[in-house]
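Down below is the structure, laid out as structure tokens.
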Protein chains: 2
Amino acid sequence: MDQKISTIQDVARAAGVSTATVSRTLSNPGVVAESTREAVMEAIRSTGYRVNHTARNLRRQRSGSVIALMPNLANPFFAQIIAAMSSVLTPAQYGLLIADTQAGPDAEARLSHYLLSGLADGLVLFDGSLTPSRLDIPGRPPIIAACEWMDGALPSVRVDNACGARLAVRHLAEAGHRRIGHVTGPPRNVLSVSRLQGFREELAAQGLEPRPDWIYEGDFTMDSGAMVARKWLASTDRPSALFLSSDEMAIGFMGAVQHAGLRVPEDVSVVGFDNIEVVGHLTPALTTIRQPRTLIGERAAELLLGMIEESRTDGPSEVIPVELIPRASVAPPRE
Amino acid sequence: MDQKISTIQDVARAAGVSTATVSRTLSNPGVVAESTREAVMEAIRSTGYRVNHTARNLRRQRSGSVIALMPNLANPFFAQIIAAMSSVLTPAQYGLLIADTQAGPDAEARLSHYLLSGLADGLVLFDGSLTPSRLDIPGRPPIIAACEWMDGALPSVRVDNACGARLAVRHLAEAGHRRIGHVTGPPRNVLSVSRLQGFREELAAQGLEPRPDWIYEGDFTMDSGAMVARKWLASTDRPSALFLSSDEMAIGFMGAVQHAGLRVPEDVSVVGFDNIEVVGHLTPALTTIRQPRTLIGERAAELLLGMIEESRTDGPSEVIPVELIPRASVAPPRE
């Protein structure tokens with residue numbers, strides 16, 4: 001079925017408004033009256049008009065998209081950050097492309113591809129395991145690191161991870177614990193490194209010796225937390241309290257300990273990291289370090305848009321404060 | 001700093017390969033040898049070459065993107081589906097744009113905008129609350145509904161929601177429950193409607209009378225599950241078992257019941273819907289209906305790519321089977 005290609009003039013005529021009003025309705029519907037918007041949308045439907053975004057973006061040398069590179073989309077921690085970024089990017093007329101860096105093979109090659117391809121006007125990097133030197137490409141689009149970045153070379157939005165770890169350990173020490181263990185994330189990950197460093201610093205500040213056999217390696221997932229619990233259950237000389245580097249690991253750890261018939265916090269105290277929504281509904285509710293995810297997502301998108309608008313690859317960084325959320329998973333140690 | 005614009009010929013010369021090999025390396029890196037890929041990527045870096053995707057997409061009249069419209073990105077149920085869609089779309093050279101339909105104002109107007117704007121070559125619709133008549137636009141891109149859709153007008157990938165609800169109720173009845181309640185999702189949502197229908201059908205099949213005051217309205221969130229628990233706790237003539245239309249609501253319900261000092265399943269049996277990862281780690285682990293999320297995401301992406309390649313808006317539909325996952329949140333009722 002043949003169909004005449006409609007123009008913006010056809011739409012304006014059908015809606016009884018100017019072409020400028022049609023443009024404004026399409027680019028920023030919030031600023032036009034409800035009745036105008038309805039008339040324009042109805043005219044667009046009746047005329048079959050389609051905006052050619054590709055042509056428009058080509059004119060302004062923009063792809064109109066921002067890519068967020070995330071290490072694990074299945075982690076609910078990222079879902080809320082994505083929603084917050086969308087809430088900033090959508091009104092600014094940018095689409096958000098999400099790519100899961102760990103979902104396919106060769107994350108580093110794909111990073112180079114995104115940087116070189118012109119697919120996006122800017123990148124938000126959440127994956128702290130990618131090699132910073134791969135970003136050293138002339139003419140690449142602006143990047144904001146939304147995680148702690150080893151060499152500080154990129155503008156970033158980050159939370160103070162070492163500080164969060166110190167708050168967690170201090171809380172356990174103040175409850176009377178002297179035998180405090182830690183479950184790390186993946187060892188190369190910058191978040192793991194910072195939180196482990198904070199853990200060590202606060203142990204020292206509390207006059208406690210670190211015990212290498214009480215530092216367990218996890219990978220941020222629930223399953224790895226459950227695996228650590230099985231090691232902990234099998235050991236006789238074990239810590240009375242654990243700080244885990246993610247809430248997901250704390251969920252897996254608590255579940256496995258409870259399913260084995262022991263109790264939290266009576267038999268072991270637990271502190272997580274992130275404050276994902278579910279942890280307040282657990283029994284016991286999990287004590288954790290809150291990362292304000294909505295704020296992280298919003299500020300990452302806002303700082304990146306600033307760099308894109310000004311065509312710069314440098315820009316300001318921000319540190320978002322963390323706080324301890326005390327709940328029911330910490331109690332004094334048994335004597 | 002001025003910089004000469006590099007061409008694909010410059011890259012081919014620097015890498016010592018043909019321009020066809022450079023193209024192939026960029027469009028489908030999996031088919032070229034590792035050493036070739038490295039040489040080409042190094043040449044791209046040294047020459048500063050950037051592919052102009054926008055121009056390429058304009059030539060083939062494609063945006064190169066697929067948009068997934070989701071009702072709530074903060075729900076971990078969607079994260080795994082997104083990851084599965086990416087795993088199909090990325091090798092096919094499509095970016096995935098995610099839009100949270102409930103994050104901004106006027107979801108219906110934005111849906112029309114996405115359909116009319118040419119921003120994407122195809123849409124995956126997860127939001128069952130959008131009005132199907134809004135999709136009736138000539139020349140729109142193909143859409144696949146990845147949820148149950150009221151009028152069946154769209155190609156879809158869906159799970160058999162009514163069947164899942166019947167499995168849940170049957171499991172409770174077989175444990176001896178005669179006082180079975182239900183917590184719905186948002187009342188207009190097609191998933192809510194199908195699951196409520198399955199709940200009623202299986203009650204009838206078991207010879208049980210539905211009690212209107214035992215059908216509670218939720219909205220799929222943990223908070224709404226906790227709110228229902230407070231009503232349930234305050235009532236004296238209450239159901240001994242509940243089938244909740246999402247795991248998130250079941251988590252909120254169990255948490256609030258347990259925090260009030262009652263026990264699951266001793267005081268109330270609970271069945272959820274979805275089988276999100278966390279529910280196996282809860283205490284008690286939650287009995288639920290499994291939706292195979294990876295399969296849903298993969299099939300949605302594959303069916304949509306088929307429609308895009310063939311430039312059709314019609315296409316096949318698929319029903320993905322569900323199953324009951326029995327865990328520890330169901331026990332016989334107290335006498």
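Quick notes on this structure:
- Amide H contacts under 5 Å for residue A:289, placed H, 5+ residues apart: A:272, A:273, A:274, A:275, A:325
- Taking the centroid of alpha carbons for each part, region B:303-331 and region B:203-221 are 26 Å apart.
- Simple spin-label estimate for residue B:46 and residue A:323 in nanometres, 7 Å along Cα-Cβ: 5.5 nm
- Stokes-Einstein, applied to the Kirkwood radius of region A:111-214 over Cα pairs at a viscosity of 0.692 mPa s and 37 °C, places its translational diffusion at 211 µm² s⁻¹.
- Approximate spin-label separation residue A:153-residue A:313, in nm, with each point projected 7 Å along Cα-to-Cβ: 0.9 nm
- Placing a label point 7 Å from Cα along the Cα-to-Cβ axis, residue B:262 is separated from the same position in the other copies by 3.1 nm, shortest listed first.
- Amide H partners (placed H, <5 Å) of residue B:320, local residues excluded: B:158, B:159, B:160
- Calculated from backbone phi, Karplus (6.51, -1.76, 1.60) coupling profile of region B:203-214 in Hz, x at Gly/Pro: 4, 4, 4, 8, x, 9, 8, x, 10, x, 6, 9
- Dividing the mean sequence gap of close Cα pairs (under 8 Å, 6+ apart) by how many residues region B:161-291 holds gives a relative contact order of 25 percent.
- Residue closest to axis [chain B; rotation mapping onto A; Cβ; Å]: B:76, 2
- Karplus 3J(HN,Hα) series, Hz, for region B:289-299 with 6.51 cos²θ - 1.76 cosθ + 1.60 (x for Gly, Pro): 9, 7, 9, x, 5, 4, 5, 4, x, 5, 5
- Rounded FRET efficiency, nearest 0.05, which uses the C-beta distance separating residue A:87 from residue A:205 and R0 of 51 Å: 0.85
- Three principal axis extents describe the C-alpha atoms of chain B; from largest down they are 83, 43, 36 Å.
- Of A:160, B:127, the residue with the largest accessible area leads and the full order is A:160, B:127 (1.4 Å probe).
- Cα-only radius of gyration and Dmax that characterise the protein assembly as shown, units Å: 26.6, 84
- Label point of residue B:230 (7 Å along Cα→beta-carbon): distances to the other copies' equivalent points are 4.1 nm, sorted ascending.
- When the helices of chain B are scored as -39500 (n - 2.57) per DSSP H run of n ≥ 4 and the total is divided over every residue, the value at 222 nm lands at -12500 deg cm²/dmol.
- Across the identical copies, how the residue B:33 labels are spaced - nm, sorted shortest first, 7 Å along Cα→Cβ: 7.0
- Distant-in-sequence amide H partners of residue B:216 (H built 1.01 Å from N, under 5 Å): B:182, B:183, B:184
- Taken across both chains, chains A and B shield about 5100 Å² of accessible surface from a 1.4 Å probe.
- Cα-based Rg of region B:211-318 normalised by 2.2 N^0.38 Å, two decimals: 1.41
The values are calculated or read from the model by the stated rules, or taken from the named source; none is laboratory data. Note that the coordinates shown come from a computational prediction; the quantities given were computed from them, not determined experimentally. Note: ideal-geometry Cβ built from the backbone for every residue, glycine included; neighbour counts use all protein chains shown. Please note that ligands, DNA and RNA were not included when accessible areas were found on the heavy atoms of the full protein model with its side chains. Shrake-Rupley method; radii C 1.70, N 1.55, O 1.52, S 1.80 Å.
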